[in-house]
Amino acid sequence: MPERRRGAALEQALLDAAWDELTAGGHTRFTMDAVVKRAGTSPPVLYRRWSDREDLVRATLVHVLRKNVLKVPDTGSLREDVLTLMREINATRVQLVTVMSVYLACYHLETGTSPADLLDPADTDRKQAVDAIFDRAVARGEAESERLTDRIKALPFDLLRQEILTTYAPAPDRVLEEIVDTIFLPLLR
């Protein structure tokens with residue numbers, strides 16, 4: 001008989017099962033019963049933690065994003081920091097970007113929310129991590145803080161996400177360099 005899971009181990013197993021369920025069939029086919037079955041547990045175990053599937057979807061995404069935190073590069077140059085981070089996203093996050101954007105489209109239609117409403121960036125520390133790159137660039141004199149609006153800081157990553165969602169594949173390195181060199185960095189000059 002398998003060992004009974006408890007506490008954090010049980011919660012992680014439930015959230016991993018929920019992620020597997022989301023990636024297997026998207027939000028439309030995502031049910032609490034399917035997660036219970038995949039996790040090998042009972043409905044009360046799941047419902048004690050999350051009252052409905054929308055709560056479970058949000059918790060699952062926070063769990064996956066926290067589990068997949070990227071190391072923030074410090075290469076000594078803004079260009080190389082941004083390219084290094086984009087290359088890592090490109091190499092390891094295509095499935096995550098696709099699932100969060102495409103598979104969850106039904107979630108947004110059903111709930112009337114936007115993707116920005118689904119997660120608070122503070123839940124995963126993503127914003128603070130990326131801000132560190134830009135804070136170092138300002139300290140080195142590579143950028144002026146007043147030019148680094150939230151929109152401009154997000155731009156290279158938004159363009160990478162758009163590329164991934166257009167092709168459902170990693171972007172060629174020449175595309176990453178084009179985004180940084182011909183679109184992003186000129187906005188800082």
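The values are calculated or read from the model by the stated rules, or taken from the named source; none is laboratory data. Predicted model only: the values in this text are computed from it and were never measured. Heads up, the Cβs are rebuilt from the backbone with ideal geometry, glycines too, and the neighbour counts pull from every protein chain shown. Accessible surface areas use protein heavy atoms only, side chains included; no ligands, DNA or RNA. Shrake-Rupley method; radii C 1.70, N 1.55, O 1.52, S 1.80 Å.
Here are the numbers:
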| quantity | calculated |
| --- | --- |
| Top-ranked residue in the range 61-97 [being of a type in the set (S, T, N, Q) and modelled with pLDDT of 90 or more; ranked as surrounded by the most Cβ atoms within 10 Å (Cβ to Cβ)] | N90 |
| Hey, F157 of a type in the set (F, W, Y), assigned to a helix (DSSP H, G or I) and either at positive phi or at pLDDT 95 or above (or both) or not | no |
| Those residues of the range 41-65 which are under 18 Å from R4 (Cβ atoms), assigned to a loop (DSSP other than H, G, I, E, B) and touching a residue at least 12 places away in the same chain (Cβ under 8 Å), in sequence order | T41, R49 |
| E54 being under 16 Å from the mean Cα position of the chain (by Cα) and either open to solvent by 40 Å² or more (accessible area, probe 1.4 Å) or at pLDDT below 95 (or both) | no |
| From E163, E110, E146, E142, residue being surrounded by 14 or more Cβ atoms within 10 Å (Cβ to Cβ), charged (D, E, K, R) and either modelled with pLDDT under 90 or in a helix (DSSP H, G or I) (or both) | E163 |
| Odd one out for M100, checked against (1) modelled with pLDDT of 85 or more; (2) touching a helix residue (DSSP H, G or I) at 6+ places or on another chain (Cβ under 8 Å); (3) open to solvent by 30 Å² or more (accessible area, probe 1.4 Å) | (1) |
| Residue list for the range 166-180, filter: open to solvent by less than 60 Å² (accessible area, probe 1.4 Å) and over 17 Å from M100 (Cα atoms) | A171, P172, V175, L176, I179, V180 |
| Pick from the range 1-40, criterion open to solvent by 20 Å² or more (accessible area, probe 1.4 Å) and not in a helix (DSSP H, G or I), ranking: farthest from A59 (Cα to Cα) | M1 |
| Residues of the range 126-154 classified as in contact with a Pro (Cβ under 7 Å, 6 or more places away or on another chain) and closer than 13 Å to L188 by Cβ, total | 0 |
| Counted residues, the range 67-84 - those being outside any loop (DSSP other than H, G, I, E, B) and farther than 25 Å from L15 by Cβ | 7 |
